[in-house]
Amino acid sequence: MKIYTKTGDKGTTSLIGGKRVAKYHPRIEAYGTVDELIAFIGLLRDQQVSSDTRDMLIFIQDRLMNCASILAADCEDCKVRIPLIEDADISKIEESIDAMDAQLEPLTSFVLPGGHPIVSLCHVCRTVCRRAERLATKLAEEIPVPDNLIIFLNRLSDYFFTLSRKLGQELNVKQIKWEPNLK
């Protein structure tokens, strides 16, 4: 089987269910951004991180594939089963955030991304995740999008922020606090 089908040569693509839409359709924007996030997480996973972090990142990538499938499905009676984002998936993210946060100093201000490529990559994942959340929320104004998908993306951006702080601590990176220039 060839990887190219030529069916998208005129600027359209198929959703799960067979409907063809423009490649800039809000569904494509939403699940394309989730796909971008999955790729950046892969790059983060390829860095020198602990096996526990690596395992969590694989779990997250897997659940993001679920999110992409949900966003790409345009059918009421699909013959294909569409995966879900469950309450337990959200709880797992929250538990991980809480465990990392318990080891960190309280946050008193915003911090500027940077200090180490791994920390910066966590912030890239956080910001791409926020964009995916915005696009999924906007899409939810037009079509039904499961609440758990949007909640998962919201918690996930918090996870990447907390992971940036935790990995920064482990790497002994000085986090630079944002100091607004207020006059």
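The values are calculated or read from the model by the stated rules, or taken from the named source; none is laboratory data. Treat the numbers as computed from the prediction; the structure is a model and nothing was measured. Using ideal geometry, Cβ is built from the backbone for each residue, glycine included, and neighbour counts are taken over all protein chains shown.
Quick one: is Glu133 among the charged types (D, E, K, R), over 19 Å from Ser96 (Cα atoms) and touching a Ser or Thr at 6+ places or on another chain (Cβ under 7 Å)? Yes.
Does Ser96 count as buried (at least 19 other Cβ atoms within 10 Å of the Cβ) and of a type in the set (S, T, N, Q)? Please lay out each step first, then the result.
On the way: buried (at least 19 other Cβ atoms within 10 Å of the Cβ): yes; of a type in the set (S, T, N, Q): yes.
Yes; evaluated as a whole, the condition is true for this residue.
Could you grab me the full set of residues in the range 164-180 that are in a loop (DSSP other than H, G, I, E, B), more than 13 Å from Gly114 (Cβ to Cβ) and among the polar types (S, T, N, Q)? Result: Asn172, single match.
From the list Gly42, Gly18, Gly8, Gly32, which residue is surrounded by 11 or more Cβ atoms within 10 Å (Cβ to Cβ), modelled with pLDDT under 70 and either assigned to a helix (DSSP H, G or I) or among the small types (Gly, Ala, Ser) (or both)? Can you show your working first?
Numbers: Gly42 fails: modelled with pLDDT under 70; Gly18 fails: surrounded by 11 or more Cβ atoms within 10 Å (Cβ to Cβ); Gly32 fails: modelled with pLDDT under 70.
Residue meeting the stated conditions: Gly8.
Taken over the range 51-62, the criterion of being in contact (Cβ under 8 Å) with a residue 60 or more places away in the chain and either among the hydroxyl-bearing types (Ser, Thr, Tyr) or farther than 17 Å from Ala99 by Cα (or both) is satisfied by Thr53 alone.
Kindly check whether there is at least one residue in the range 76-86 that is in contact (Cβ under 8 Å) with a residue 24 or more places away in the chain, touching a helix residue (DSSP H, G or I) at 6+ places or on another chain (Cβ under 8 Å) and part of a helix (DSSP H, G or I). No, the range 76-86 contains no residue that is in contact (Cβ under 8 Å) with a residue 24 or more places away in the chain, touching a helix residue (DSSP H, G or I) at 6+ places or on another chain (Cβ under 8 Å) and part of a helix (DSSP H, G or I). Among the candidates Glu170, Glu142, the residue that is closer than 18 Å to Arg54 by Cβ and surrounded by fewer than 18 Cβ atoms within 10 Å (Cβ to Cβ) is uniquely Glu170.
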